[in-house]
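Undergrad: Below you'll find the structure I mean.
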Amino acid sequence: EDKVVQSPLSLVVHEGDTVTLNCSYEVTNFRSLLWYKQEKKAPTFLFMLTSSGIEKKSGRLSSILDKKELFSILNITATQTGDSAVYLCAPFNAGGTSYGKLTFGQGTILTVHP
Amino acid sequence: SAVISQKPSRDICQRGTSLTIQCQVDSQVTMMFWYRQQPGQSLTLIATANQGSEATYESGFVIDKFPISRPNLTFSTLTVSNMSPEDSSIYLCSVMTPRDGYTFGSGTRLTVV
């Protein structure tokens, strides 16, 4: 059974701090790993990581994948109150009847205080 | 990326009734997925809905409870049948495209009283 573990489960910081969110996974037929930000209902896409060791960046957010050690990290620098959300990681299963299935971690609740 | 219109946005329903959630995509997509997020929990896949075939349900979800239709490549519905308070959740549809990866609809917040 596919397994995804995120840590920490929750994090409280002040504006300007840098945070690192962790995601470890065990997924059969792994293809890529996706990160999402969820503020209300719908998750919004942040990154899709397919190759090991290649950092993807978008503004203050960056992410990297280690396919050997089966984990990914999401970094947010100079945090702002608008970064407060639940951050979800989800490996993409590319095998057989499970093709296209995303298995979500339990999420990291990030709270950024002014 | 694909744009998904999901409705209703929210609803409060009586136990024992059924609710049908609709998702309309602005482009043709082969694969559509329905997820559930119970309060305080992460997203769990209910089923995969491909046009022209029966939906494939994940363990713990059955067609009688969550019937799905997929009449064409841009539309799908999920019905939550014979609802109980335990069905109170956010329901999300999503699509996968080779170029854009995964996109989610805006979600339906269901409360069963």
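Undergrad: What list of ³J(HN,Hα) couplings, whole Hz, do you get for the stretch B:70-81 from phi and the Karplus terms 6.51, -1.76, 1.60, once you set θ to phi - 60° and write x for glycine and proline?
TA: 8, x, 8, 7, 10, 9, 8, 10, 10, 10, 9, 9
Undergrad: Using DSSP to call loops (not H, G, I, E or B), can you name the chymotrypsin sites (Phe, Trp or Tyr not before Pro) in the stretch A:12-99 whose Cβ has at most 16 other Cβ atoms within 10 angstrom?
TA: Sparse-neighbourhood loop chymotrypsin sites (Phe, Trp or Tyr not before Pro): A:Y99.
Undergrad: Charges on Cβ only, +1 for Lys and Arg, -1 for Asp and Glu, centred on the Cα centroid of the stretch A:3-113; of A:S10, A:V27, A:I76, which one is farthest towards the dipole's positive end?
TA: Going by the Cα projections, it comes out as A:V27.
Undergrad: Can you divide the C-alpha Rg of the stretch B:1-86 by 2.2 N^0.38 Å and report the result to two decimal places?
TA: Relative to the rule-of-thumb radius for its length, the stretch B:1-86 sits at 1.09.
Undergrad: Among the trypsin sites (Lys or Arg not before Pro) within the stretch A:59-93, which fall in a DSSP loop and have no more than 13 other Cβ atoms within 10 Å of their own Cβ?
TA: A:R60, A:K68
Undergrad: Right, next: Please compute P(r) over all alpha-carbon pairs of the stretch B:1-42, binned at 5 Å starting from zero, and give each bin as a whole-number percent.
TA: Going from the shortest bin to the longest, the percentages are 5, 14, 21, 24, 19, 10, 6, 1.
Undergrad: Continuing with this model, one more query. What residues qualify as long-range amide H neighbours of A:Q106, i.e. H under 5 Å apart, gap of 5 or more or another chain, H built at 1.01 Å from N?
TA: Amide H to amide H, under 5 Å and 5 or more residues apart or across chains, A:Q106 pairs with A:Q6.
Undergrad: Quick one: net charge of A:L88's neighbours, Cβ under 12 Å, K/R +1, D/E -1?
TA: Once all neighbours under 12 Å are counted, the net charge is 0.
Undergrad: Around A:V13, with a cut-off of 14 angstrom between Cβ atoms, what is the net charge of the other residues, counting Lys and Arg +1 and Asp and Glu -1?
TA: Here the charged neighbours net out to -2.
Undergrad: Could you work out the Rg to Rh ratio of the protein assembly as shown, with Rh taken as the Kirkwood radius (inverse of the mean 1/r over all Cα pairs)?
TA: Rounded to two decimals, Rg over Rh is 0.97.
Undergrad: Using DSSP to call loops (not H, G, I, E or B), can you name the GluC sites (Glu not before Pro) in the stretch A:1-99 whose Cβ has at most 15 other Cβ atoms within 10 angstrom?
TA: Answer in residue order: A:E1, A:E15, A:E39, A:E55, A:E69.
Undergrad: Here's a follow-up. Could you tally the net charge around B:R109, taking each other residue with its Cβ under 13 Å from the Cβ of B:R109, Lys/Arg +1 and Asp/Glu -1?
TA: Around B:R109, the charge tally is +3.
Undergrad: Can you work out ³J(HN,Hα) from phi for every residue in the stretch B:64-69, in order, using Karplus 6.51 cos²θ - 1.76 cosθ + 1.60 and θ = phi - 60°, giving whole Hz and x for Gly and Pro?
TA: Calculated HN-Hα couplings, in order: 5, 8, 10, x, 10, 10 Hz.
Undergrad: Under 30 Å Cα-Cα from A:K57, which lysines qualify once same-chain neighbours fewer than 8 residues away are excluded?
TA: In chain and number order, the partners are A:K3, A:K37, A:K40, A:K41, A:K67, A:K68, A:K101.
Undergrad: Now for a separate question. Let me know the mean shielding of B:39-48 by other chains, meaning the per-residue number of their Cβ atoms within 10 Å of its Cβ.
TA: That works out to 4 on average.
Undergrad: Related question: Pairs of alpha-carbon atoms within less than 8 angstrom and 6+ residues apart define the contacts here; what relative contact order does chain A have, in percent?
TA: 37 percent
Undergrad: Taking the dipole about the Cα centre of the stretch B:28-108, with the C-beta of Lys and Arg at +1 and of Asp and Glu at -1, give me whichever of B:V62, B:G105, B:S84 is farthest to the positive side.
TA: Of B:V62, B:G105, B:S84, it is B:G105.
Undergrad: Treat the stretch A:3-113 as a sphere of radius equal to its Kirkwood radius over Cα pairs and apply Stokes-Einstein at 25 °C in a medium of 0.890 mPa s; give the translational diffusion coefficient in µm²/s, rounded to a whole number.
TA: 175 µm²/s
Every number here is computed from the coordinates shown, using simple stated rules; none is lab data. Values in this document were obtained by computation on a predicted structure and should not be read as measured data. Methodologically, a virtual Cβ is constructed for each residue, glycine included, from the backbone with ideal geometry; neighbour enumeration extends over all protein chains shown.
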